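To keep things clear, I will list the structure first and then write my remarks on it.
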Amino acid sequence: MARRRFIDRRTLSWALYDWANSAFATVVLAGFFPVFFKRYWSSGNDLESTFQLGLANSLASLTVLCLAPLLGTIADIGGLRKRMLLAFALLGMIMTAGLYGVAAGASGLALTLFVLAAIGFSTSIVFYDALLLAVAEPRTYDRVSALGYALGYLGGGLLFLVAVLASRYPEWFGFSDAGAAVRASFLWVALWWCLFSLPLWFWVPEPPGVFTADGERGLVAVSWKRLVDTLRHVRELRPVALFLLAYWLYIDGVDTIVRMAVDYGLALGFSAADLMVALLITQFVGFPAALVFGHLGERFGPKAGIYVALAVYLGVTLWAYTMERVAEFYALAVAIGLVQGGIQSLSRSLYARLIPRQSSAEFFGFYNMLGKFAALIGPFMVGAVGMASGDHRTGILSLLLLFVAGGVLLWFVDDGRQKSRKPP
């Protein structure tokens, strides 16, 4: 039987969803919403706006954390992965587009739309990750997963570049001022997200469900029972449980660096413009680097690639402790761009090897649930150690514990690499 090509129509269609949704992650989550919320919607109350924004992010994460495993189980049993992905994606698109019309000072409405958009974005990824098993064979998990992340970095970076240029030079794009350009960028994100989601709808296959009516028990009741059964027996799936614990620790360190980088850079006296440039650097370096990590994972195994990334993160953390100049901040952005997509994509492909194929959405519900738990320990450690020592640089060093602990646990995870290989 002939092997399928690595990149065919359905593989590319799946990967393009990363290109689509990364516009939201980059332009809205990491880029413009936090700044625009403080300066336009919250009426200039800096301390209160910081609290409100943090609360909104926590509420969105908590909602996804609670819903993801059950929704994943429903999608598996009902054969609803694509439909649920696109339903939540549509929620995210509509809410993001709605930000365009929010008036100055309307912080409550802006936060409500943002929370709903973030829930749609994050929940759709549960089903997107699960569909990796529908478009790739075990031998190509690493490269296909990396292709998705690579296209995400490139697509998100391209739209973010246009949005940044529009905000810096609004007259080039026909806007009256930077605020109008930023508001328009929310519409651009929604349209971009919608357009590049269409290939997944048309050309990615939907794995069949297994649901049959059981007396008065409907799909939700059956799904809930299976989820409870899985939780009871998850300890028997030792590689899965061990990997999830390792992943939670090291991805907490990764996410903390992402979330705290801007705050850390500002504390060192770097300008907001410098930080936007650094974010763009990370995006565009991340595109080819993620593809390289896909080949690295396929050649040497995903664990080896993850360890390379962890080694770089250890170096980044130590370097950040001594950093003084903005040029070093740019260099760190390059280093992070080289490994961020790699550690994310290889973690996803390694996990895909460990889980039952017929329960992919359910198990990726747990995976994304822990992703939402991530960046809980790290920011607290950074803040607590910084407060205790009186030095925010010392706080950054505490992240070394997360990378080391996650790496040690990962060592004991059997990645099943030999099982996934077929003789030539």
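What is the log10 of I(q)/I(0) for segment 90-142, computed with the Debye formula using one identical point scatterer on each Cα and no solvent, at q = 0.15 Å⁻¹? With no solvent term, the Cα-only Debye profile gives -0.53.
Take the Cα of residue 319, go 7 Å toward its beta carbon, and the backbone nitrogen atoms of segment 327-355 under 14 Å from that spot belong to 327-340. Computed extension length for residue 357-residue 311: 13.5 nm, one decimal, from 0.36 nm per residue of separation with the Cα-Cα distance subtracted.
With a simple spin-label model that places each label point 7 Å from the Cα along the Cα-to-Cβ direction, the separation between residue 137 and residue 271 comes to 5.4 nm.
Can you pull the percent of segment 317-407's accessible area that's carbon plus sulfur, 1.4 Å probe, other chains left in place? Intermediate results must be reported in sequence, preceding the final value.
Details: 2370 of 3350 Å².
C and S atoms contribute 71 percent here.
Between residue 198 and residue 180, the contour length at 0.36 nm per residue exceeds the alpha carbon distance by 3.7 nm. For trypsin sites (Lys or Arg not before Pro), the sites in segment 268-338 that DSSP calls loop and that have at most 14 other Cβ atoms within 10 Å are 325.
Working from label points 7 Å from Cα in the Cα-to-Cβ sense, the residue 106 to residue 173 distance is 2.0 nm. With both labels modelled 7 Å from their Cα along Cα-to-Cβ, the residue 299 to residue 83 distance reads 4.4 nm.
The values are calculated or read from the model by the stated rules, or taken from the named source; none is laboratory data. Quick caveat, the model's predicted, so the values are computed rather than measured. Every residue, glycine among them, receives a Cβ derived from its backbone with ideal geometry; neighbour counts consider all protein chains shown. Protein only, heavy atoms only, side chains kept; ligands, DNA and RNA dropped before computing areas. Shrake-Rupley method; radii C 1.70, N 1.55, O 1.52, S 1.80 Å.
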